[in-house]
Amino acid sequence: MGYIAKADFVKGLVQLNNSNEIIVDKYCATSRQETFAAGDVTDVPYKQAVISPGQGSIAALSAYNYIQKLKGGKSSPVKAD
């Protein structure tokens, strides 16, 4: 726990910002297809204990929807697009 993101293990795999945080979109998708990230290691501005679990839920639903799309199935009705 701290204010320094420890994302060296994904360097070269996904895009990082100048603070060494993983850049994600609103669905927690990274610059690499099939790869999602959540928590304090992302570039989300607020590093709070209550934010990480919510972001983890978003990443999990996004990964589920991605897999469903690959299988030709229905995605979660939660996702708007």
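Hey, with R₀ at 22 Å, roughly what FRET efficiency would D25 and K47 work out to, going by the Cβ-Cβ distance, to 0.05? Could the numbers behind the result be given before it?
On the way: r = 18 Å, r/R0 = 0.83.
According to the calculation, E is roughly 0.75.
Lysine pair count for the chain (Cα-Cα distance under 16 Å; residues 8 or more apart in sequence or on different chains): 4.
Give the whole-number value, in cubic angstrom per residue, of the convex hull volume spanned by the C-alpha atoms of the chain. Working shown, then result.
Numbers: hull volume 7.7 nm³, N = 81.
Each residue corresponds to 95 Å³ of Cα convex hull volume.
Across Q55, Q15, Q33, mean-square fluctuation computed from a Gaussian network of the chain (C-alpha pairs under 10 Å connected) peaks at Q33. Per-residue ellipticity at 222 nm, computed for the chain from helices alone with -39500 (n - 2.57) per DSSP H run of at least four residues, works out to -9000 deg cm²/dmol. Within region 1-55, the chymotrypsin sites (Phe, Trp or Tyr not before Pro) that combine a DSSP coil assignment with at most 16 other C-beta atoms in a 10 angstrom radius are Y3, Y27, Y46.
Just so you know, all these numbers are worked out from the coordinates, no wet-lab data involved. If you're wondering where the values come from, they're calculated on a predicted model, not measured in any experiment. Every residue, glycine among them, receives a Cβ derived from its backbone with ideal geometry; neighbour counts consider all protein chains shown.
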